1. Could you work out [θ]222 nm for the chain from helices alone, using -39500 (n - 2.57) per DSSP H run of at least four and dividing by all its residues? Round to the nearest 500 deg cm²/dmol.
2. GNM on the chain, C-alpha springs below 10 Å: top fluctuator among Val122, Val75, Val29?
3. Could you check which residue among Asn82, Asn99, Asn56 shows the biggest mean-square fluctuation in a GNM of the chain with a 10 Å Cα cutoff?
4. With unit charges on the beta carbons (Lys and Arg positive, Asp and Glu negative) and the dipole taken about the Cα centre of the range 2-134, which residue among Ile125, Tyr3, Asn26 sits farthest to the positive side?
5. Counting other Cβ atoms within 10 Å, keep those with at most 13, restrict to DSSP loop, and tell me which GluC sites (Glu not before Pro) in the range 37-137 are left.
6. Please state, rounded to one decimal and in Å, the Kirkwood hydrodynamic radius that the chain gives when every pair of distinct Cα atoms enters the mean of 1/r.
7. Please sort through the DSSP H helices of the chain and keep those with an alpha-carbon extent of at least 15 Å along the long axis and a Kyte-Doolittle average not below -1.0.
8. Please work out the average accessible area per residue across the chain, using the 1.4 Å probe convention, and give it in Å².
Amino acid sequence: MVYLTRVEHFNAAHKLYNNEWTAQQNKEVFGKCANENWHGHNYELHVTVKGNPNPNTGFVYNAKVLGDIIKNVIVEKIDHLNLNLDVDFMTGKLTSAENLAIGIWNELQPHITTEGVQLHCVKLIETRNIYVEYYGA
Ligand code: NI
């Protein structure tokens, strides 16, 4: 089994805010991320698939095709947009890195259809100090 990772980037705005809490509670839990007028991140997205190399190509998966899927399915939908307002698969969710990684996984998985190849990990780097990894469960 070989693990292949493709890296893509996007920029997006968001805020972390629980509408069921007071402004003070939001400030205590989310700090600057609860700022009313949004803030942004330069996200780095690592998508890993796993499988055995195809004898005809030597590839687990065509890395350019994987990049095209990520760009078409994810980056086009969220780059330079507002995660809270503009992204259909984040509607009604807190736009944490955790929830965004799960949303990205759910969007990508139906597009990884090659027999013997599985989506393995969505790693989302939000800042130089914080990243999350989701393995589908
Ligand atoms: Ni943030």
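The values are calculated or read from the model by the stated rules, or taken from the named source; none is laboratory data. Nothing here was measured: the structure is a model prediction, and the numbers come from that model. Counting neighbours? That spans all protein chains shown, and the Cβs are built from the backbone with ideal geometry, glycine included. We work out accessible area using only protein heavy atoms, side chains counted, and drop any ligands, DNA or RNA first. Shrake-Rupley method; radii C 1.70, N 1.55, O 1.52, S 1.80 Å.
1. Values: 3 runs with 28 residues, N = 137.
Per the formula, -6000 deg cm²/dmol.
2. Of Val122, Val75, Val29, the most mobile in the Gaussian network model is Val29.
3. Among Asn82, Asn99, Asn56, the largest mean-square fluctuation in the Gaussian network model of the chain belongs to Asn56.
4. Farthest towards the positive pole: Tyr3.
5. Details: sites: Glu44, Glu76, Glu98, Glu107, Glu115, Glu126, Glu133; in loops: Glu115.
Sparse-neighbourhood loop GluC sites (Glu not before Pro): Glu115.
6. On the way: mean 1/r = 0.0628 Å⁻¹.
One decimal place: 15.9 Å for the Kirkwood radius.
7. Working: long enough: 97-108 (16 Å, 0.41).
Length and hydropathy pass: 97-108.
8. On the way: 8160 Å² over 137 residues.
On a per-residue basis, 60 Å².
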